[in-house]
Amino acid sequence: MRLTEWRGRAASFLTSLVAGGVMGSVYWLIRVGTPAPPWVALVGLLGMIMGEAAVKAARRKLRSETASATSSQYSDRCPERGGVSA
């Protein structure tokens, strides 16, 4: 991972953390209870994380299948890669 990519991700996480802290403080100041019990919120968060991981895994799998199909088509036409010349 490049340093600039890491910084972008860190800034995104930090922004989310600060925004959550600010909203939590506002809710506390105006005496608003949380909209859901903590365990429900944690289950929802776990679902979001699992969904994100599933989408990333599916994208990686699709990319690898596309790359392998492309390289096998290329090797069929390229004598240097074991294919037959036209």
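What follows is calculated from the coordinates using simple rules that are stated; it is not laboratory data. As the structure is a computational prediction, the values presented were derived from the model and not from experiment. Neighbour counts are summed over all protein chains in view; Cβ atoms, including those assigned to glycine, are modelled from backbone coordinates with ideal geometry.
Of note:
- When the range 15-38 is filtered for residues that are of a type outside the set (A, V, I, L, M, F, W, C) and not in a helix (DSSP H, G or I), the ones remaining, listed by number, are R31, G33, T34, P35, P37.
- The range 10-24 residues that are under 20 Å from I49 (Cβ atoms), paired with ones that are outside any helix (DSSP H, G or I) and hydrophobic (A, V, I, L, M, F, W, C) (beta carbon under 7 Å, 6 or more apart): none
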